[in-house]
There are 2 protein chains.
Amino acid sequence: MNVELIIGLVAASLTTFGFLPQSIKAIRTKHTGDLSLITLIMLEVGIIIWIIYGYLKSDIPLLAANCISLVFMTFTLILKLRHG
Amino acid sequence: MNVELIIGLVAASLTTFGFLPQSIKAIRTKHTGDLSLITLIMLEVGIIIWIIYGYLKSDIPLLAANCISLVFMTFTLILKLRHG
């Protein structure tokens, strides 16, 4: 693997799994009041549109990364909608 | 402009500016306790590595989008570190 590919994979991993700790924190504390609902909706819709884009372009890494992101983002959004 | 390009630009806009409302909320309320510090650090480092990747690949859209994201993410992270 070349250096660029490794750097790209590290970046993708960090941003793809970035909302996992936020989901865990929200599950544990049941407090989501400080999270911006507008931010969560923008990111949720943005990720869904990235998935459509990845599908149209047949870009498997883009598709895969955003499908994983969507899981954690949806989870966080549901917790936000439930706990306010 | 073709449909794919428009879809890509909409997706990029939503995820690039996604943390703007979160920054504004954190500035207004001065409450960031429900935000996950690990999530913010992962996203901050991830965005910086995306910028390095974009630079190495001479990918201007990737570079530009992540430079904008970095502003809002850094702002949110500073507020989190200040307010806890």
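The values are calculated or read from the model by the stated rules, or taken from the named source; none is laboratory data. This one's a predicted model, so the numbers in the text were calculated from it and none came from an experiment. Counting neighbours? That spans all protein chains shown, and the Cβs are built from the backbone with ideal geometry, glycine included. Please note that ligands, DNA and RNA were not included when accessible areas were found on the heavy atoms of the full protein model with its side chains. Shrake-Rupley method; radii C 1.70, N 1.55, O 1.52, S 1.80 Å.
Residues of the range A:32-84 that are within 22 Å of B:Gly46 (Cα to Cα), of a type in the set (S, T, N, Q) and in contact (Cβ under 8 Å) with a residue 12 or more places away in the chain: A:Asn66, A:Ser69, A:Thr74, A:Thr76. The set of residues in the range A:30-56 that are open to solvent by less than 60 Å² (accessible area, probe 1.4 Å), part of a helix (DSSP H, G or I) and hydroxyl-bearing (Ser, Thr, Tyr) comprises A:Thr39, A:Tyr53. Scoring A:Val10 on the criteria (1) facing chain B (nearest Cβ under 9 Å); (2) open to solvent by 60 Å² or more (accessible area, probe 1.4 Å); (3) touching a residue at least 24 places away in the same chain (Cβ under 8 Å) leaves a single failure, condition (3). With respect to the conditions (1) open to solvent by 40 Å² or more (accessible area, probe 1.4 Å); (2) in a helix (DSSP H, G or I); (3) within 30 Å of B:Gly84 (Cβ to Cβ), A:Pro61 falls short on a single one, namely (3). Could you check, for the range B:15-26, whether at least one of its residues is part of a helix (DSSP H, G or I), farther than 18 Å from A:Met73 by Cα, open to solvent by 50 Å² or more (accessible area, probe 1.4 Å) and not small (Gly, Ala, Ser)? Taking every residue of the range B:15-26 in turn, at least one turns out to be part of a helix (DSSP H, G or I), farther than 18 Å from A:Met73 by Cα, open to solvent by 50 Å² or more (accessible area, probe 1.4 Å) and not small (Gly, Ala, Ser).
For residues that are among the hydrophobic types (A, V, I, L, M, F, W, C) and open to solvent by 40 Å² or more (accessible area, probe 1.4 Å), scanning just the range A:71-84, find the one that is farthest from the chain's Cα centre (by Cα). Looking at residues that are among the hydrophobic types (A, V, I, L, M, F, W, C) and open to solvent by 40 Å² or more (accessible area, probe 1.4 Å), I get A:Leu81.
Given the conditions (1) surrounded by 21 or more Cβ atoms within 10 Å (Cβ to Cβ); (2) at pLDDT 95 or above, and given that A:Asn66 satisfies all but one, which numbered condition is not satisfied? A:Asn66 satisfies every listed condition except (2).
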